[in-house]
Amino acid sequence: MTLSTPLTKQEMAALVARDIEPGSFVNLGIGQPTMVADFLDPAAGVVLHTENGMLNMGPAAPEGEEDWDLTNAGKEPVTELPGAAYFHHADSFAMMRGGHLDVCVLGAFQVSAAGDLANWHTGAVDAIPAVGGAMDLAIGAKSVFVMMSLFAKDGTPKLVPSCSYPLTGVGCVDRVYTEHAVFEIGPEGVVVRETFGTSYDELAERLEVPLIRGASGP
Amino acid sequence: MTKTRFYDSDTGADEAVADVADGSTVLIGGFGLAGMPIELIDALIRQGASGLTVVNNNAGNGDTGLAALLAKGRVRKVICSFPRQKDSWVFDGLYREGKVELELVPQGNLAERMRAAGAGIGAFFCPTGVGTPLAEGKETREIDGRTYVLEYPIRGDVALVGAHRADRMGNLVYRKTARNFGPVMATAATTVIAQVREVVDVGGLDPEAVVTPSIYVDRVVAV
């Protein structure tokens, strides 16, 4: 697929949702990846896991119906779907670490060509570090998808030969969704699967990471 | 019939935390405010124990609960996974002034290290954090081709847990995602104090639904 314009955040979320197999157990972390939930087909039976101890989490609670005993990883009030299950934190993270989750979708500051992920700390001396469940998800889920902008605000690429920010996990990222392209990271290197409003050649020019043209395009 | 003590009076929370010593390690349940034992924390603030090491997923929200304990200067060290939030201004200020120490622990390791303490495990090899700054200086081992980091238990002198309901045996049930760290912390401290919204008679909880059996629970306060 090659589009003439970069994807919006909604289009990126829809693309991720399309790539999740029906019936998968999925963790969407916090922030932008949680938008993926809005684009999942209810008939596909994807079960959402939230790190604070729930499977089959439903959408955000309507205003006026918030239950503060029922929140998501971002501590926002949510709902339960029929067939939901609650469990404590050690079980919740055993599910991740034990390889039971099919997919997690995370944001990132940087991803390296080898699939290293940096998404918890800028390393700035005055920054207060916070890691939450990111390291557990990164090494635990069977497939780790990243959703991020391809370039930082200063224009530097976030898909890099090696991460300059402190790592969250080593060699853990399988696929990167950006507004300009989808990249598959595998043993052979970084494969460009699709591009949006740019070309393979333009990406190869702007990124320092060696790229491989995907078999089915672009 | 049971070793669990019940504190039913209006000052029950104060009586239940009366013997918390200065310098204690206090495990405090809750994920943000869900499951946070606010009334027990308020009682601990009135009680005055200081130099505390507090274990919680976060480092306080707004100005209540754990944030209020921090604001009073009673906490020497916070062990948590996610201190920085949009409403963590109390911790942020103390941390930047160097008035509180932070041990940052990946969330699953935080839970599992307490689980290990409660289960009598001496240490465990864990894949989380390998190759990151949070594993620096820690022993590693390759097992079946994968690298693991050695992680040690976190034990509490006291655990303050927010549950939903107790029976007069001291069995606990929780409600929805407010369960979070409560069941794990209840296994990992010398003295476990639970606050609940309701105490029911023995037989009033379905034994199949009990999450924290009474063997772990020392004190129950109805709030």
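Positive-end ranking of B:Pro106, B:His164, B:Ala117 along the dipole of segment B:101-185, with charges on Cβ about the Cα centre, is headed by B:His164.
The protection proxy used here, the mean number of other Cβ atoms lying within 10 Å of each residue, ranks peptides A:45-58, B:182-195 as follows, highest first: B:182-195, A:45-58.
Using the Kirkwood formula on the Cα atoms of segment A:66-163, what hydrodynamic radius do you get, in angstrom to one decimal?
Mean inverse Cα-Cα distance, inverted, gives 15.6 Å.
Shape of segment B:119-218 from the C-alpha gyration tensor: prolate (a/c of 1.5 or more and a/b above b/c, with a ≥ b ≥ c the square roots of its eigenvalues). Expressed as a whole percent, the proportion of Cα-Cα pairs in chain B lying more than 29 Å apart is 26%. Counting, for every residue in A:168-174, the Cβ atoms of other protein chains within 10 Å of its Cβ and taking the mean gives 3. Can you tell me how segment B:4-50 classifies by the Cα gyration tensor, rounded, prolate or oblate, using a/c under 1.5 as the rounded cut? In terms of gyration-tensor shape, oblate. Shape annotation for segment A:2-213: C-alpha extents along the principal axes are 50, 40, 33 Å, from largest to smallest.
Expressed per residue, the C-alpha convex hull volume of segment B:81-136 stands at 119 Å³. Using a ≥ b ≥ c from the Cα gyration tensor of segment B:16-93 (square roots of the eigenvalues), is it rounded, prolate or oblate, where a/c under 1.5 gives rounded and otherwise the larger of a/b and b/c decides, a/b for prolate? Since a/c reaches 1.5 and a/b is larger than b/c, the shape of segment B:16-93 is classed as prolate.
Shielding by partners for peptide A:78-85, expressed as the average number of C-beta atoms from other protein chains within 10 Å of each residue's C-beta, is 1. Protection proxy ranking, highest mean first, for peptides A:167-173, A:125-131, B:48-54: A:167-173, B:48-54, A:125-131, where packing is the per-residue count of other beta-carbon atoms within 10 Å, averaged.
Take the Cα radius of gyration of the protein assembly as shown and divide it by 2.2 N^0.38 Å, N being the number of residues; the result is 1.03.
Quick check: the angle from helix B:38-47's long axis to the longest principal axis of chain B, C-alpha only, nearest 10 degrees? Orientation of helix B:38-47: about 90 degrees from the principal axis. Remark: mean inter-chain Cβ contacts per residue of B:95-105 equal 1, using a 10 Å Cβ-Cβ cutoff to other protein chain atoms. Under 17 Å from a label point 7 Å along Cα→Cβ of A:Glu208: give me every residue in segment A:140-169 with its amide N that close. Within reach of a label on A:Glu208, which here means backbone N under 17 Å from a point 7 Å along Cα→Cβ, segment A:140-169 contributes A:150-167. Report, in degrees rounded to the nearest 10, the 0 to 90 angle that the Cα long axis of helix A:9-19 makes with the longest principal axis of chain A. The helix A:9-19 is inclined about 80 degrees to chain A.
Normalised by residue count, segment A:136-198 yields a Cα convex hull volume of 102 Å³ per residue.
Bear in mind that the values in this text are calculations on the coordinates, not laboratory data. It should be emphasised that the depicted structure is a prediction, and the values quoted were computed from it without experimental measurement. Cβ coordinates were reconstructed from backbone atoms using ideal geometry, including for glycine residues, and neighbour counts include every protein chain displayed.
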